[in-house]
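The values are calculated or read from the model by the stated rules, or taken from the named source; none is laboratory data. None of these values were measured; they are calculated from a predicted model. Counting neighbours? That spans all protein chains shown, and the Cβs are built from the backbone with ideal geometry, glycine included. All accessible areas refer to the heavy atoms of the entire protein, side chains included, with ligands and DNA or RNA removed. Shrake-Rupley method; radii C 1.70, N 1.55, O 1.52, S 1.80 Å.
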Amino acid sequence: IWYGSSISVTMALICAAINMTIGVVLGAVWGFSKKFDIVMTEVYNVIANIPYVLLISVIVLIMSASFWTMVFALTITGWIGIAYFIRTQVIIIRDREYNLASRCLGTPITRIATKNILPFMTSIIVTLAATEIPSYISYEVFLSYIGMGMSEMSLGKLIYEAENAMLTP
């Protein structure tokens, strides 16, 4: 159980680190740039309408099921929801009075982002990361349980292997 848990948690931490990094950076840019906003909103509208489990399943079926295939499948579009959430928060904080005053005084946007916006975003980013890690574990467990996940002994594979013992009266 510990070995299976370590594989699932390691995969979730790697996916969370990749998705949070990409999502926070692109979300911050998305919140500041009007041109990037138009393009990324359309990308988000297309990707967000595809069921995430279905997308992961297709990617895992196309590629061979392994640890890095699961990491790839979970990170290929997992960052888009994070980026959209960060974009929304950046827009909320960006339009506050002290940021408008800083902009009127000629403060560069990078300085406004690092000194005025990022400190307010720290708690939001940590909370978002704390909710992302269990969701990646649940995706891995579900896919491994139905036989489409990792070939290594993970939590989903352990539950699948122990299913006969659970059904015995």
> Volume per residue, Å³, of the convex hull around the alpha-carbon atoms of the chain?
Replying inline: 128
> R0 = 35 Å: FRET efficiency of Tyr160 with Thr114, Cβ-based, nearest 0.05?
Replying inline: 0.15
> Can you give me the relative contact order of the chain as a percent, contacts being Cα pairs under 8 Å and 6 or more apart?
Replying inline: 36
> Quick one: net charge of Met40's neighbours, Cβ under 14 Å, K/R +1, D/E -1?
Replying inline: +1
> Summing -39500 (n - 2.57) over the DSSP H runs of n ≥ 4 in the chain and dividing by its residue number, what mean residue ellipticity at 222 nm do you reach, to the nearest 500 deg cm²/dmol?
Replying inline: -25500 deg cm²/dmol
> Measuring with a 1.4 Å probe in the full set of protein chains, what accessible area per residue, in whole Å², belongs to the chain?
Replying inline: 57
>> Which of Glu132, Glu140, Glu42 ends up with the largest GNM mean-square fluctuation for the chain, with Cα atoms connected below 10 Å?
In response: Glu42
> Considering the chain as a Gaussian network with a 10 Å cut-off on Cα pairs, which listed residue, Gly81, Gly149, Gly106, attains the greatest mean-square fluctuation?
Replying inline: Gly106
>> Less than 15 Å Cβ to Cβ from Gly156, Lys/Arg counted +1 and Asp/Glu -1: what total charge do the surrounding residues give?
In response: -3
> If you stretched the chain out fully between Val126 and Thr10, how much longer would it get, using 0.36 nm times the residue separation minus the C-alpha to C-alpha distance?
Replying inline: 40.0 nm
>> Between Leu118, Leu54, Leu143, where does the largest GNM mean-square fluctuation fall for the chain, given springs only between Cα atoms within less than 10 Å?
In response: Leu54
> Nearest 10 degrees, 0 to 90: what angle lies between the long axis of helix 52-62 and the longest principal axis of the chain (Cα atoms)?
Replying inline: 60
> Each residue of the stretch 93-104 in order: what ³J(HN,Hα) in whole Hz does its phi give by Karplus 6.51 cos²θ - 1.76 cosθ + 1.60, θ = phi - 60°, with x for Gly and Pro?
Replying inline: 6, 4, 8, 6, 4, 5, 6, 5, 5, 5, 5, 5
